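Taking it in order: structure first as structure tokens, then the write-up.
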Amino acid sequence: MKVLKRSGHIGILTSGGDTPGLNAAIRGIGKTATNIGSMQVIGFRDGFRGLMENRSIRLDNGMLSGILTLGGTILGTSRDKPHKMPMGGKLVDMTDVIIENYHKNHLDVLVCLGGGGTLKNAYRLSKKGLNVITLPKTIDNDIVGTDMTFGFDTALGIAVEAIDRLHSTASSHHRIIFVEIMGHRVGWLALGAGLAGGADAILIPEIPYTIDKLAESILERVNRGKRFSIVAVAEGAINKTGADKIAAVEKQLDKAEGDKRKELKNQLKDLEKQYRGSTIQMVEELQKITRLETRLTILGHLQRGGTPSAADRLLATRLGTRAVHFIQEEKYGIMVAVKGNKTEAVPMEEVAGKINYVPKDHPLIISARNVGTSFGD
Ligand code: F6P
């Protein structure tokens, strides 16, 4: 392992939706950098915006102490992108300013803690010549190239506890209770929480549902004397009609160019708006068909709040500490990933812009179907 330059500087920012475990990762990077190396660590506030505005804070031992168990991020976050920064009501490309501030702060490397969006932005900066490393965080677990993202385990625990609690009230009142779980594009959280919580139906974006099939599975439970049901729905769950329409436009988009491409992209946006995230409508339709009393609980940002689970603290700490080893080896343009028992450097170009969907034949789906869970398909 190389010995670090005394003058070295690591910049850190957290970007995208906050996630339990971010502070544990910041601590892991910071403490390792000072304990095994001799680098100074600078945190930038509110994601890429803070780097663009040069709002920074020295992450010394005092700052890093006592944050392992804290939820959120001590640095603050935002969804602002370097090349599309909201400025005075417009989106402006501020990449050059960000590059300038990277150099002004004498950074040797910028470590970006974020999800899929952050990864794409970090990759763009890396292609502009900056030394960049990312750590995969998101409660959605939708990043390719790592077994797991930190934040997922905590959110999973919160969603399972919610389902457990909804079970007793659903059973007492003989109701159907829908619980909407985060996950706009992928269904890892709804699938995991639904299966662990014993939901009777699980609806995820990867398996389009029909309301009739869902109703059928619930009425069949009623016939078996089960007077309540729990339905775990990912926020991005979609019915078959919507999924078919989206797939048809996506197919055309693959071959389209110029104005036609723009038009199809707009069509896609409209379809996404119309068909995704329509849990309230789904609940109303199901109540009409089954004539059973139905309620909806939307977990929302509860799933992102509070203290990280032990598993997330461990994962974030492992990834954070490992990032510093890669910095010592001057390995940049990478995402630090967990694979089995190991942590690895995955080239950003292999994973940026990709989505880790739930495979339709994933063991969890097979197990859920085996225990009689409906996917509404
Ligand atoms: O990316 C994580 C996530 O929590 C998604 O599950 C959810 O769709 C989205 O962020 C919500 O974003 P926001 O916090 O901006 O409302």
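Laboratory data are not the source of any read-out in this text; all were calculated from the coordinates shown. This structure is a prediction, so every number in the text was calculated from the model and none was measured. FYI the Cβ positions are ideal-geometry reconstructions off the backbone, even for glycines, and counts take in every protein chain you see.
What to note about this one:
- With θ taken as phi - 60° and the Karplus curve 6.51 cos²θ - 1.76 cosθ + 1.60 applied, the whole-hertz 3J(HN,Hα) list for the stretch 339-355 is 9, x, 8, 10, 10, 9, 9, 10, x, 4, 4, 7, 10, 4, x, 9, 10 Hz, x standing for glycine and proline.
- Qualifying lysines (Cα of each under 28 Å from Cα of K90; at least 8 residues distant if same chain): K81, K104, K120, K127, K128, K260, K262, K265, K269, K273, K354
- Cβ-derived FRET efficiency at R0 35 Å, H167 paired with E284, nearest 0.05: 0.95
- Projecting the Cα atoms of P208, A190, M85 onto the dipole axis of the chain, where Lys and Arg carry +1 and Asp and Glu carry -1 at the beta carbon, places M85 farthest toward the positive end.
- Amide H contacts of T134 (H built 1.01 Å from N, under 5 Å, at least 5 apart or other chain): C112, I334, M335, V336
- Considering only Y275, Y332, Y123, the Gaussian network model of the chain with Cα springs below 10 Å gives its largest mean-square fluctuation to Y275.
- Taking amide H as placed 1.01 Å from N in the peptide plane, the amide H of V92 sits under 5 Å from that of M85, M87, each at least 5 places away or on another chain.
- Shape category assigned to the stretch 1-124 from the gyration tensor of Cα positions, a/c cut at 1.5: oblate
- Order of S15, S367 under a 10 Å beta carbon neighbour criterion, fewest first: S367, S15
- Long-range HN-HN contacts of S229 with modeled amide H, under 5 Å: R175, I176, I177
- Order by protection proxy (mean Cβ within 10 Å, highest first), peptides 190-202, 171-183: 190-202, 171-183
- Alpha carbon Rg of the chain, scaled by the compact-globule rule 2.2 N^0.38 Å: 1.07
- Neighbour-count order for K81, K265, fewest beta carbons within 10 angstrom listed first: K265, K81
- Among 63-71, 204-212, the order from most to least packed when residues are scored by Cβ within 10 Å on average: 204-212, 63-71
- DSSP H segments from the chain that extend 30 Å or more along their own axis, Cα-based, with Kyte-Doolittle mean of 0.0 or above: 152-173
- Counted by neighbouring Cβ atoms within 10 Å, the residues L286, L319 run from fewest to most as L286, L319.
- Within straight-line cross-link reach of K31, lysines at Cα separation under 18 Å, skipping those fewer than 8 residues along the same chain: K2, K5
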